[in-house]
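The values are calculated or read from the model by the stated rules, or taken from the named source; none is laboratory data. Fair warning: this is a prediction, and the values are worked out from it, not measured in the lab. When we count neighbours, we look across all protein chains shown, and the Cβ atoms used for this are built from the backbone with ideal geometry, even at glycine.
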Amino acid sequence: MQTELDNILIYSSEPEFHQRLNDLYKKQLEASLFKIESDEWKQVLKILREVAEEGDESKRQYKTSDEALIGFTESYDKVKLTFDRLAVTPKELEKAHQQIDEKLLESLRKATSNVRRYQEEIFLGNKKHTGIRYTPIERIGICVPGALAPLPSTVIMTAVPAQVAGVKELVVVSPPRYNGDIHPVILGLCHELGINEVYRVGGAQAVAALAAGKGSVPKVDKIVGPGNKWVTTAKKMVAYRYVSIDSVAGPSEVLIIAGDKADPKWAAIDMLSQAEHGTDSTAIVITWSKETGQKILSELKKQLEKLPRADITNESLVGGSAIIVVGNESEAIDLANKLALEHLQIQCGDKSREIADRITNAGAIFIGDYTPVAVGDYWAGPSHTLPTGRTARFSSALTCNDFIKSISIIEYDKNKLLESADDIIRLAEAEGLDAHAKSVEIRLK
């Protein structure tokens, strides 16, 4: 029986292949950010202005930043907060920590240790050079998803790299759930990591609060963490006007290069593991084996029926995912680099490492049949905050080095200035900047 899921199987030999490929590119871009001037984009802008207390006061819906946070939280999260409930108290954090299952806490601690060790190994700030100084950013805001799928692992994957870099002030924002509170494991983990500043607010309003600092949420210098289109669009809007950001990080994406001996069951569940994040998620398989592609589709149907979030996952698959059968291995690699997805799994047996070496665009590469995305999401050490929406062509995974800034150090004495004076003066005069030239000349008299 033909189902709508059958339509995700695409062959590069089909006449309409390039059109379908363009549709996938478009879906990737639209999944991460709202179109400029769309109704949603305008609403994000309105949220930013309201929370930042900008624009004509007589035309604003709310008088203060905190009123806006409470109002938008009620509108979008269906939770009515009071002013005294915006911030989570240290006692509430400690209580949540005490309630974490002991085995879960042990696993969280092991994951934290793995991430800390990896980040310390790659940290640039320990390198000494007379011409540059690295200093940590002072105050970081972390967006932790908490609606459809609360992600306590995001706390580890953002806070620990920042702590390795030497950041002293970490602020966590996460949307309240139906009961008016943040998921207790998120709160308990914040306490475990020594994060005492947590706010019950999410979405674009949380980004606006962190960027503007007009109400109960003090301003930060950089905002990091994954999110939906509301979060990522808001982050793009505030970037470099108010704060720095990490990247366009969300919704979740996976691309699997599956060789002719790849296990269809494993490839199918790996697609589903990302598609279940939400309806905007993307899961793509590329293979040069028609038989492998068909077997993966068959497994996808079987396993989908068993998932608790089957409806959401199915919508994600049908809306913008694909199993693409190409002519050969080289075509698969070229297409993977063009798609530039967040997670790239390579399930090609002994050739997996060789193929990985030919990948230039991906947020993170998972090599071999025994390296599912879950290993990176929770355990291995690299952060799971990764670029999406094809931005892996020019953006990177979040690391500890994103939480430091460099200051150039320049020191000349009289003799060294004298050696270079004629050249500096000549260059300044070529640009018509007379005072620049004279600032050197005056020191030589």
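Can you tell me which residue is farthest from the chain's Cα centre (by Cα) among those in the range 332-354 that are surrounded by fewer than 16 Cβ atoms within 10 Å (Cβ to Cβ) and over 22 Å from P387 (Cβ atoms)?
Selected residue: D350.
List the number of the failed condition for A239; all other conditions in (1) surrounded by 24 or more Cβ atoms within 10 Å (Cβ to Cβ); (2) touching a strand residue (DSSP E or B) at 6+ places or on another chain (Cβ under 7 Å) hold.
A239 satisfies all of (1) surrounded by 24 or more Cβ atoms within 10 Å (Cβ to Cβ); (2) touching a strand residue (DSSP E or B) at 6+ places or on another chain (Cβ under 7 Å) except (1).
Is there any pair linking a residue in the range 391-408 that is in contact (Cβ under 8 Å) with a residue 40 or more places away in the chain and outside the structural domain of G131 (by TED's automatic domain parsing) to one that is of a type in the set (S, T, N, Q) and assigned to a helix (DSSP H, G or I), with Cβ under 6 Å and at least six apart or on different chains, and which?
So the pair list comes out as C400/Q119.
Here is a check on your reading of the model: is F366 in contact with a helix residue (DSSP H, G or I) (Cβ under 9 Å, 6 or more places away or on another chain) and among the aromatic types (F, W, Y)?
Yes, satisfied.
I'm told G213 meets every condition in (1) in contact (Cβ under 8 Å) with a residue 12 or more places away in the chain; (2) over 20 Å from the mean Cα position of the chain (by Cα) except one. Can you identify the failing condition by its number?
Looking at each condition in turn, G213 falls short on (1).
Please pick out the residue among S406, S439 that is more than 30 Å from A258 (Cα to Cα), of a type in the set (G, A, S), surrounded by 12 or more Cβ atoms within 10 Å (Cβ to Cβ) and in contact with a Phe, Trp or Tyr (Cβ under 8 Å, 6 or more places away or on another chain).
S406 is the lone residue from the list that is more than 30 Å from A258 (Cα to Cα), of a type in the set (G, A, S), surrounded by 12 or more Cβ atoms within 10 Å (Cβ to Cβ) and in contact with a Phe, Trp or Tyr (Cβ under 8 Å, 6 or more places away or on another chain).
Select from the range 282-295 the residues that are over 28 Å from the mean Cα position of the chain (by Cα) and free of Cβ contacts under 8 Å to residues at least 40 places away in the same chain and list them in ascending order.
S289, E291, T292, K295
Of the numbered conditions (1) assigned by TED's automatic domain parsing to the domain that holds K235; (2) part of a loop (DSSP other than H, G, I, E, B); (3) surrounded by 13 or more Cβ atoms within 10 Å (Cβ to Cβ), E54 satisfies every one except a single condition; which is it?
Exception for E54: condition (1).
Restricting to the range 121-142, count the residues that are closer than 16 Å to I407 by Cβ, surrounded by 14 or more Cβ atoms within 10 Å (Cβ to Cβ) and either over 24 Å from the mean Cα position of the chain (by Cα) or hydrophobic (A, V, I, L, M, F, W, C) (or both).
2
Considering only the range 61-88, state which residues are touching a helix residue (DSSP H, G or I) at 6+ places or on another chain (Cβ under 9 Å) and outside any helix (DSSP H, G or I).
Q61, Y62, K63, V79, K80, L81, T82, L86, V88
Test R117 against the criterion of being of a type in the set (K, R), in a strand (DSSP E or B) and either more than 23 Å from G202 (Cα to Cα) or touching a residue at least 40 places away in the same chain (Cβ under 8 Å) (or both), and give yes or no.
It is false that R117 is of a type in the set (K, R), in a strand (DSSP E or B) and either more than 23 Å from G202 (Cα to Cα) or touching a residue at least 40 places away in the same chain (Cβ under 8 Å) (or both).
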